[in-house]
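Asker: Quick one: the structure is below, questions incoming.
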Amino acid sequence: MWPFSKKEKQIGGFIGQANLVDWWLGEFDDAERSHIVATFQPMGSSNGGQALIEGDASGSNSDPSHMLYNLAGWFKQEADRTIAFRIIDKATELLEISPSILTKHFTYQARAEIYYRWRDLDSFALERATEACRNQIAIAKDAAAAFLREDTAQGLGFLPAHHGYKQLAIILEKQGDLEAALNLSREAKEQGWNGDWDARIGRLEKRLAKAGK
């Protein structure tokens, strides 16, 4: 059954152009591949999810992480979470060949969001979400420079919110590490990322003062 057998028809589209055929066929079974194609309906695509495996997607293979983190975001239901995990894990793995700092920024953000969503179901999820936040924070200065450059594809001329800083500050506060959460919030504010940093900093300072720290 196409698109599930290389013997019946060669796989094209994004999967073929990005040299992900072996991963596509090995990572997902027939039912999962059918579900992925049926679920993915990107805006501006004339044939929806079929663009994943059919047609010409020239150029997509230069930065497959960008496409994969977008694809992973379509699988938010509990029953689909392992599909999202496998897609975002591959996107993260392929960051080694990504030419874009902002692709790295958004891939780490997607990974943090996906794993944090299922932290109460999967024992590994919180740790992986935390790691993704730290990875996004590690490249924050470079990402900020890219956002501030208006001549780039995703350059905004200003800094948006930073998911990694906010999510990790929340995680640390819930874990009782108020000082680390405070330092992280101050760092995000100093770098200029948009967010409710003043309110968060003020609340954390009050909690620390109350605790006598």
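Asker: Within the set of pairs 6+ apart or on separate chains, which have a first residue in the stretch 52-69 that is among the acidic types (D, E), a second that is surrounded by 16 or more Cβ atoms within 10 Å (Cβ to Cβ) and at pLDDT 95 or above, and C-beta atoms under 9 Å apart?
Answerer: D63/L94; D63/T103
Asker: I'd like to check something: does the stretch 123-138 contain any residue that is of a type in the set (D, E) and either touching a residue at least 24 places away in the same chain (Cβ under 8 Å) or farther than 23 Å from T82 by Cβ (or both)?
Answerer: no
Asker: If I ask for residues that are of a type in the set (K, R) and in a helix (DSSP H, G or I), which ones from the stretch 200-213 would you list?
Answerer: Going through the stretch 200-213, the residues of a type in the set (K, R) turn out to be 200, 203, 206-207, 210, 213.
Within the stretch 200-213, R200, R203, K206, R207, K210 meet the criteria.
Asker: When you scan the stretch 185-199, how many residues do you find that are open to solvent by 20 Å² or more (accessible area, probe 1.4 Å) and assigned to a helix (DSSP H, G or I)?
Answerer: Narrowing the stretch 185-199 to residues open to solvent by 20 Å² or more (accessible area, probe 1.4 Å): 186-187, 189-192, 194-196, 198-199.
Adding the requirement that they be assigned to a helix (DSSP H, G or I) leaves 186-187, 189-191, 198-199.
Summing the residues that are open to solvent by 20 Å² or more (accessible area, probe 1.4 Å) and assigned to a helix (DSSP H, G or I) in the stretch 185-199 gives 7.
Asker: Give the residue that is nearest to A84 (Cα to Cα), with candidates limited to residues of the stretch 1-22 that are at pLDDT below 90 and among the aromatic types (F, W, Y).
Answerer: F4
Asker: Oh, and also: Got a number for residues in the stretch 63-86 being part of a loop (DSSP other than H, G, I, E, B) and closer than 10 Å to A110 by Cα?
Answerer: Taking the stretch 63-86 and keeping what is part of a loop (DSSP other than H, G, I, E, B), we get 63, 73-77.
Subsequent filtering for residues that are closer than 10 Å to A110 by Cα retains 73.
So the answer is 1.
Asker: Return the pairs, sorted by first residue and then second, in which the second residue is among the polar types (S, T, N, Q) and surrounded by 12 or more Cβ atoms within 10 Å (Cβ to Cβ), the first residue lies in the stretch 194-209 and is at negative phi and touching a residue at least 24 places away in the same chain (Cβ under 8 Å), the beta carbons are less than 7 Å apart, and the residues are 6+ apart or on different chains.
Answerer: R200/S185; L204/S185
Asker: I would also like to ask the following. Would you say L25 is crowded, with 20+ Cβ neighbours inside 10 Å, at pLDDT 95 or above and of a type outside the set (D, E)? Lay out the reasoning, then the answer.
Answerer: On the way: crowded, with 20+ Cβ neighbours inside 10 Å: no; at pLDDT 95 or above: yes; of a type outside the set (D, E): yes.
For L25, the condition - crowded, with 20+ Cβ neighbours inside 10 Å, at pLDDT 95 or above and of a type outside the set (D, E) - is not met.
Asker: Can you name the condition, by its number, that R111 falls short on among (1) without any contact (Cβ under 8 Å) to a residue 24 or more places away in the chain; (2) crowded, with 16+ Cβ neighbours inside 10 Å?
Answerer: Of (1) without any contact (Cβ under 8 Å) to a residue 24 or more places away in the chain; (2) crowded, with 16+ Cβ neighbours inside 10 Å, only one is false for R111: (1).
Asker: Here is a follow-up. Regarding L182, is this residue over 19 Å from the mean Cα position of the chain (by Cα), more than 29 Å from F28 (Cα to Cα) and open to solvent by less than 40 Å² (accessible area, probe 1.4 Å)? Talk me through it step by step, then tell me what you get.
Answerer: On the way: over 19 Å from the mean Cα position of the chain (by Cα): yes; more than 29 Å from F28 (Cα to Cα): yes; open to solvent by less than 40 Å² (accessible area, probe 1.4 Å): yes.
Against the criterion (over 19 Å from the mean Cα position of the chain (by Cα), more than 29 Å from F28 (Cα to Cα) and open to solvent by less than 40 Å² (accessible area, probe 1.4 Å)), L182 qualifies.
Asker: Here is a follow-up. Does the stretch 115-132 contain at least one residue that is within 19 Å of A18 (Cβ to Cβ), open to solvent by less than 40 Å² (accessible area, probe 1.4 Å) and not in a loop (DSSP other than H, G, I, E, B)?
Answerer: Narrowing the stretch 115-132 to residues within 19 Å of A18 (Cβ to Cβ): none.
No: the stretch 115-132 contains no residue that is within 19 Å of A18 (Cβ to Cβ), open to solvent by less than 40 Å² (accessible area, probe 1.4 Å) and not in a loop (DSSP other than H, G, I, E, B).
For (1) out of contact with any Asp or Glu (no Cβ under 7 Å at 6 or more places or on another chain); (2) over 22 Å from R200 (Cα atoms); (3) modelled with pLDDT under 95, each residue gets a yes or a no:
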residue	(1), (2), (3)
R111	yes, yes, no
Y116	yes, no, no
S123	yes, yes, no
A129	yes, no, no
R134	yes, no, no
D151	yes, yes, yes
Q154	yes, yes, yes
L168	yes, no, no
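Asker: Criterion first (within 28 Å of E96 (Cβ to Cβ), in contact (Cβ under 8 Å) with a residue 12 or more places away in the chain, part of a helix (DSSP H, G or I) and open to solvent by less than 60 Å² (accessible area, probe 1.4 Å)) does I171 satisfy it?
Answerer: Working: within 28 Å of E96 (Cβ to Cβ): yes; in contact (Cβ under 8 Å) with a residue 12 or more places away in the chain: yes; part of a helix (DSSP H, G or I): yes; open to solvent by less than 60 Å² (accessible area, probe 1.4 Å): yes.
Considered against the rule, which asks whether it is within 28 Å of E96 (Cβ to Cβ), in contact (Cβ under 8 Å) with a residue 12 or more places away in the chain, part of a helix (DSSP H, G or I) and open to solvent by less than 60 Å² (accessible area, probe 1.4 Å), I171 comes out as yes.
The values are calculated or read from the model by the stated rules, or taken from the named source; none is laboratory data. These figures come from a predicted structure and were not determined experimentally. Note that each Cβ is placed from the backbone with ideal geometry, even for glycine, and that neighbours are counted across all protein chains shown. Just so you know, the surface numbers come from the protein's heavy atoms only, side chains and all, with ligands and any DNA or RNA stripped out. Shrake-Rupley method; radii C 1.70, N 1.55, O 1.52, S 1.80 Å.
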